[in-house]
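Shown next, in structure tokens, is the structure this report addresses.
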Amino acid sequence: MNPELATKDTIEGHSPDLAGGPNADAVRQALTESHQRCLSYLRRRLGNVDDARDVMQSFMLRAIDRADALRDVNTVRGWLSRLLATTIVDHQRSAARRRQRETVMGPEFFDTGSASGAELEVAVCACLHQLLATVKPDYAEIIQRIDLNEEPRATVAADFGLSLATLTVRLHRARSALKKRLVEMCLTCPEHGFMDCGCDTARQSELLRAAASARG
């Protein structure tokens with residue numbers, strides 16, 4: 001198992017509820033840090049704090065709204081990377097329209113090519129590593145190997161002593177656990193803590209959750 005997934009004894013083999021339990025603070029910290037990692041990447045990528053926050057809000061809403069798709073995607077990393085990349089591009093296109101530029105924007109303005117794409121995947125992987133530390137070690141290892149390392153399922157199943165069908169069931173359960181953490185991360189207030197904050201960021205997160213529920 002990847003040593004990055006075992007952060008001292010904070011998780012102890014289970015995924016606690018955030019309301020309490022000995023590991024609740026560690027989970028809150030991991031969720032906050034994963035949120036901050038993603039926001040920091042967006043600040044570097046966009047060069048503007050306000051734009052980064054706008055994209056982060058849009059990305060979080062899309063992630064919450066489409067989280068059920070995690071049952072069916074090929075890899076979580078690819079799903080999140082595409083979701084974040086399209087959110088960035090949509091933001092750039094919207095900004096270009098608002099500015100009403102007279103000149104036609106070159107394709108490089110909307111580039112998600114190799115260099116920026118690689119950086120985006122690094123940011124997504126860092127975020128996922130943080131979240132994986134909050135789920136059961138067996139689930140974390142399956143997602144690490146299949147969704148991050150992109151190992152063949154047959155190889156992973158053999159190492160676990162499982163049939164492909166059983167591995168698929170376990171992968172679905174692992175992704176469901178990760179989906180819960182992803183949604184919780186999207187509702188995190190990185191400035192003041194986790195979900196129990198009364199600041200504007202927390203209120204916006206609550207609106208995101210309500211909007212996602214309404215869409216459902």
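Derivation of every value follows stated rules applied to the coordinates shown; laboratory data play no part. Since the structure is predicted, the reported quantities are computational estimates derived from the model, not experimental observations. Methodologically, a virtual Cβ is constructed for each residue, glycine included, from the backbone with ideal geometry; neighbour enumeration extends over all protein chains shown.
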Can you tell me the FRET efficiency between Leu164 and Asp68 if r is taken as the Cβ-Cβ distance and R0 is 22 Å, rounded to the nearest 0.05? 0.45
Once you have the Cα-Cα distance between Arg153 and Asp90, take 0.36 nm times their residue separation minus that, and quote the gain in nm to one decimal. 19.3 nm
With a cap of 11 neighbouring Cβ atoms within 10 Å, and only residues DSSP puts in a loop, list the trypsin sites (Lys or Arg not before Pro) found in the stretch 27-104. Arg101
